[in-house]
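Since the structure comes first, as structure tokens, the remarks are kept for the end.
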Amino acid sequence: AQSVTQLDSQVPVFEEAPVELRCNYSSSVSVYLFWYVQYPNQGLQLLLKYLSGSTLVESINGFEAEFNKSQTSFHLRKPSVHISDTAEYFCAVSSNTGKLIFGQGTTLQVKP
Amino acid sequence: EAGVAQSPRYKIIEKRQSVAFWCNPISGHATLYWYQQILGQGPKLLIQFQNNGVVDDSQLPKDRFSAERLKGVDSTLKIQPAKLEDSAVYLCASSLGQRGAFFGQGTRLTVV
């Protein structure tokens, strides 16, 4: 069975500071890994994904995540956050069926 | 490209009543998912369709929940009768292969 653990339920950070949102997964088969972002009263938006190839993946708005197979982790990082990054972030894993299994979510609170 | 469309956005019903949600996926996406997101938790898969066939409905409470995807395009999810614990956001998503799913804005259901 697959599972995802997001290690922090809330992460407060000041604007322009760096941030890391931690995600660990467990799976007995090869996986695909995703980060989604959810703004209040909105659906989930795909932020970035790891399917194969380079273990470092980037999004268009400055986030990056690194797939670490030995540590079964897929942590999300941004070197300098903005107020607009305040949202709920979900890490997810899927196998070849496409079914996504989500973590519990991490609330990123960016303070001015 | 149009995204995943869902309706209604909000619904309030009394317990033991019935309710239905509608979803129109992204054109050409063969896979359609219904997820349930309870406040403070990550989304949980209820049912996955591949075209108009069911791939996974292991987490669907079949005594009260039903879903169909006629003609392999639109889908409806029904709850009958509703319980208080069904209060949640119901998210529809679609995908093309295993490269990540795209989500609609969701339907927020409140059962009173």
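The values are calculated or read from the model by the stated rules, or taken from the named source; none is laboratory data. Bear in mind that the values here come from a model prediction, so they are computed numbers and not experimental data. Here the Cβ is made from the backbone with ideal geometry for all residues, glycine too, and neighbour counts use every protein chain on show. To get the accessible areas, we keep the full protein, side chains included, count just its heavy atoms, and leave off ligands, DNA and RNA. Shrake-Rupley method; radii C 1.70, N 1.55, O 1.52, S 1.80 Å.
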Between region A:63-112 and region B:1-44, the alpha-carbon center distance in angstrom:
23
Which of B:66, A:98, A:110 sits closest to the plus end of the dipole of the protein assembly as shown, meaning its Cα is farthest towards the positive end, when Lys and Arg get +1 and Asp and Glu get -1 on the C-beta?
B:66
Roughly how many Å² is the accessible area per residue of region A:5-85, as a whole number, for a 1.4 Å probe?
53
Relative contact order (percent, whole number), chain B, Cα cutoff 8 Å, 6+ residue spacing:
37
Taking only Cα atoms of region A:2-56, what ratio of Rg to Rh do you get with Rh as the Kirkwood inverse-distance radius?
0.99
Full-extension gain in nm, residue B:10 to residue B:84, via 0.36 nm per residue minus C-alpha separation:
25.1 nm
With a 32 Å threshold on alpha-carbon distance, the violating pairs from A:69/B:71; A:78/B:78; A:78/B:83; B:11/B:71; A:111/B:44 are A:69/B:71; A:78/B:78; A:78/B:83
Across peptide A:91-97, what mean number of C-beta atoms from other chains lies inside 10 Å of a residue's C-beta?
3
If R0 = 25 Å, then residue A:71 and residue A:10, at their Cβ-Cβ distance, give a FRET efficiency to the nearest 0.05 of 0.65
Phi-based couplings in Hz for region A:62-79 (Karplus 6.51, -1.76, 1.60; Gly and Pro marked x):
x, 7, 9, 9, 10, 7, 10, 5, 5, 9, 6, 10, 8, 6, 9, 9, 8, x
Nearest-0.05 FRET efficiency for residue A:84 and residue B:112 at R0 = 41 Å, using Cβ-Cβ distance, is 0.75
Interface buried area A-B, accessible surface with 1.4 Å probe, both sides summed, nearest 100 Å², comes to 1700
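For the protein assembly as shown, go through all pairs of different Cα atoms, get the mean of 1/r, take its inverse, and jot down that Kirkwood value in Å.
18.0
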Pair residue B:71, residue A:107: separation of 7 Å Cα→Cβ label points (nm)
4.3
At 1.4 Å probe size, with the rest of the protein present, what percent of the exposed accessible area of chain B is carbon and sulfur atoms?
50
GluC sites (Glu not before Pro) lying in DSSP loop within region B:13-112, provided at most 16 other Cβ fall within 10 Å
B:14
